[in-house]
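Asker: Just passing along the structure, written as structure tokens.
The values are calculated or read from the model by the stated rules, or taken from the named source; none is laboratory data. Small disclaimer: the values here were computed from a predicted structure and weren't measured. Ideal geometry is used to build each Cβ from the backbone, glycine not excepted, and the neighbour counts take in all protein chains shown. Just so you know, the surface numbers come from the protein's heavy atoms only, side chains and all, with ligands and any DNA or RNA stripped out. Shrake-Rupley method; radii C 1.70, N 1.55, O 1.52, S 1.80 Å.
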Amino acid sequence: MFGRGRHRRKRGGRAVEDVELTENEVVDEGPLTGPFDESQARDDGVGRLDLGCMRLPLPDGAQLQVEVDPSGPVRAVHLLTELGQLTVTAFAAPRDGQLWTEVRAEITDQLRADGARVEQVFDGEWGREVQAVTPQVSLRFVGVDGPRWMLRGVAAGVPEQHPRLVELLYQVLRDTVVVRGAEPMPPRSPLPITLPGPMAEQLKLAAAQQGQQPPPTG
């Protein structure tokens, strides 16, 4: 569409104020910020680590920590920053894309059972979130429902740094691209993580030394 007019667009699932378009400006109906489905991903110049099921941006100075099951598959990846730890995980979801509400309730119940002080945050960027405090750490759980996937982000750090850590988690989620794939998967199944070649080779060597199965490579 060309010409002048006012249009509404989406930013992180929320409507953005109408934008005045100048003549010959193309209206882009895609989302302004993510998390992005692979079909929505833009060529935005953001550097991302390809983990198979998602392409994850790395904050400056962050270190990647890989959690591997004894049987071999990569269970999770963590971003270790000067503010605390971030964990982003992608799951298969029903076609209606409504999984986070159920998962959020289960997380809340489990945290309370473990003795954490829990409150739900209503004004998060993608809807309701879970904030929890234990004697050791402050936690924020953020969930985003996408097309046949759900992305869960967790920020874990000391209370003094936690507001800045949560904002860093938001920045990571905004630039994450989820690669769901077409294969059928039961809802709640973690999408498989694969590691880039050099990183996988390092873990394969470490696993061999410990007598474990090597993780999958990309």
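Asker: Could you tell me which residue of the stretch 129-163 is farthest from the chain's Cα centre (by Cα), considering only residues that are more than 18 Å from Thr33 (Cβ to Cβ) and in a loop (DSSP other than H, G, I, E, B)?
Answerer: Only one residue fits best here, namely Pro135.
Asker: Next up: Checking Val158 against (1) of a type in the set (A, V, I, L, M); (2) open to solvent by 20 Å² or more (accessible area, probe 1.4 Å); (3) at pLDDT below 95: exactly one of these is not met. Which one?
Answerer: (3)
Asker: Would you check if Thr101 is open to solvent by 20 Å² or more (accessible area, probe 1.4 Å) and hydroxyl-bearing (Ser, Thr, Tyr)?
Answerer: Yes.
Asker: Taking the criterion of being at pLDDT below 95 and crowded, with 17+ Cβ neighbours inside 10 Å, would at least one residue in the stretch 110-124 satisfy it?
Answerer: yes
Asker: Now a separate question. State yes or no: is Asp69 open to solvent by 30 Å² or more (accessible area, probe 1.4 Å), over 25 Å from Glu125 (Cα atoms) and at pLDDT below 90? Break it down stepwise before answering.
Answerer: Working: open to solvent by 30 Å² or more (accessible area, probe 1.4 Å): yes; over 25 Å from Glu125 (Cα atoms): yes; at pLDDT below 90: yes.
It is true that Asp69 is open to solvent by 30 Å² or more (accessible area, probe 1.4 Å), over 25 Å from Glu125 (Cα atoms) and at pLDDT below 90.
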